[in-house]
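Remarks on the structure that follows.
The values are calculated or read from the model by the stated rules, or taken from the named source; none is laboratory data. Keep in mind that this is a model prediction, so the values were computed, not measured. Counting neighbours? That spans all protein chains shown, and the Cβs are built from the backbone with ideal geometry, glycine included. Heads up: the accessible areas ignore ligands, DNA and RNA and are worked out on the full protein's heavy atoms, side chains in. Shrake-Rupley method; radii C 1.70, N 1.55, O 1.52, S 1.80 Å.
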Amino acid sequence: MRMRKKPNLVPRMERCARFLIKQPEAYRGVWRDALAPGRTLSLELGCGKGRFTAALAARNPENLYLAMDRVPEALVVAMECASAASLSNLYFISGDAGSLCDWFSPGEVDMLYINFCDPWPRKRHAKRRLTHANFLAIYRNVLREGGEIRFKTDNEALFDFSLEQFAANGFSLSSVSRNLHAGGPADIMTDYEEKFYSQGLPIFRCVAVKTPIASHEKEHAEKPMTRT
Ligand SMILES: C[S@@+](CC[C@H](N)C(=O)[O-])C[C@H]1O[C@@H](n2cnc3c(N)ncnc32)[C@H](O)[C@@H]1O
């Protein structure tokens with residue numbers, strides 16, 4: 001997401017600072033104990049302006065939600081949205097998805113959401129796609145067994161690439177749709193999704209479930225790269 005630098009970014013961040021987890025590594029292994037004992041922990045990667053997770057958190061006050069993005073100018077809008085809605089079960093992390101293993105212990109996360117991530121269409125940029133095998137190894141590490149990645153995109157080439165990557169890297173696929181809203185709006189939409197839907201474009205969606213992998217594959221899969 002390209003956003004203009006905001007001169008008032010710091011004071012805006014400070015006004016909703018209670019929603020920002022400044023040192024996520026300090027919560028590694030104790031997210032639930034610290035913020036919401038016994039609850040389901042979901043994390044949205046590349047949340048942008050945060051409308052999606054804010055709506056989810058409002059709908060499910062019994063669950064704990066985290067949302068992260070590497071662009072503070074987008075994250076501040078998301079934090080303001082959570083503040084305006086007085087949400088007490090949603091927190092934000094400013095950083096890169098490649099750092100997840102620094103922030104979460106193995107199996108700590110129940111569900112990951114990846115919505116409309118940048119498609120990086122050039123082959124030489126494939127490693128930057130949030131569904132590249134290098135990222136999937138990181139997600140496998142922090143997700144519990146049976147944990148899910150819920151993925152949506154408007155980009156068919158990225159979708160096909162992602163289906164292959166999920167299947168080849170220890171995830172089984174379900175709820176695959178190539179036109180999610182064919183029968184009218186299905187569930188909560190993100191900012192990007194709303195825009196594409198209003199243009200009549202199909203939305204692609206799948207759920208990738210973490211599955212146990214064969215022991216001969218384990219060595220590779222259990223050593224995630226922390227940066228791509
Ligand atoms: C196209 S926007 C989609 C925003 C939002 N998910 C939506 O659907 O409206 C992609 C977002 O992913 C973020 N992003 C891209 N790569 C990232 C990474 N490696 N780590 C964290 N955020 C990332 C960008 O900063 C941007 O906000």
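Here are the numbers for the structure shown:
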quantity: When residues of region 60-80 are limited to those that are of a type in the set (D, E, K, R) and surrounded by 16 or more Cβ atoms within 10 Å (Cβ to Cβ), the one nearest to the chain's Cα centre (by Cα); calculated: D69
quantity: Selection status of S174, of a type in the set (S, T, Y), more than 16 Å from the ligand (Cβ to nearest atom) and open to solvent by 20 Å² or more (accessible area, probe 1.4 Å); calculated: yes
quantity: Subset tally (residues that are open to solvent by 60 Å² or more (accessible area, probe 1.4 Å), among the acidic types (D, E) and at pLDDT 95 or above) for region 192-218; calculated: 1
quantity: Hits in region 41-59 - residues which are near the ligand (Cβ under 9 Å from one of its atoms) and either open to solvent by 40 Å² or more (accessible area, probe 1.4 Å) or modelled with pLDDT under 95 (or both); calculated: K49, G50, R51
quantity: Residues satisfying the stated conditions in region 60-80, i.e. polar (S, T, N, Q) and either within 12 Å of the ligand (Cβ to nearest atom) or in contact with a Pro (Cβ under 6 Å, 6 or more places away or on another chain) (or both); calculated: none
quantity: Inter-residue pairs, beta-carbon under 8 Å, first in contact (Cβ under 8 Å) with a residue 60 or more places away in the chain and in region 109-137, second open to solvent by less than 30 Å² (accessible area, probe 1.4 Å) and acidic (D, E), 6+ apart; calculated: L112/E44; Y113/E44; I114/E44; N115/E44; N115/E193; F116/E193
quantity: Top-ranked residue of region 108-148 - restricted to ones that are in a loop (DSSP other than H, G, I, E, B) and on the phi > 0 side of the Ramachandran plot, ranked as nearest to the ligand (Cβ to nearest atom); calculated: F116
quantity: Considering residues of region 177-186 that are within 16 Å of Q199 (Cβ to Cβ) and surrounded by 13 or more Cβ atoms within 10 Å (Cβ to Cβ) only, the residue nearest to the chain's Cα centre (by Cα); calculated: L180
quantity: Complete set of residues in region 81-96 that are within 15 Å of the ligand (Cβ to nearest atom) and open to solvent by 10 Å² or more (accessible area, probe 1.4 Å); calculated: C81, S94, G95, D96
quantity: Residue within region 103-117 that is open to solvent by 30 Å² or more (accessible area, probe 1.4 Å) and among the charged types (D, E, K, R) present; calculated: no
quantity: Counted residues, region 1-40 - those being open to solvent by less than 30 Å² (accessible area, probe 1.4 Å), more than 12 Å from V76 (Cα to Cα) and of a type outside the set (A, V, I, L, M); calculated: 2
quantity: Any hit, region 135-148, residues being surrounded by fewer than 18 Cβ atoms within 10 Å (Cβ to Cβ) and within 23 Å of K49 (Cα to Cα); calculated: no
quantity: Among the candidates S99, S42, S86, S105, residue that is assigned to a loop (DSSP other than H, G, I, E, B) and out of contact with any Lys or Arg (no Cβ under 7 Å at 6 or more places or on another chain); calculated: S86
quantity: Residues of region 51-83 that turn out to be within 20 Å of Q23 (Cα to Cα) and outside any helix (DSSP H, G or I), as a count; calculated: 8
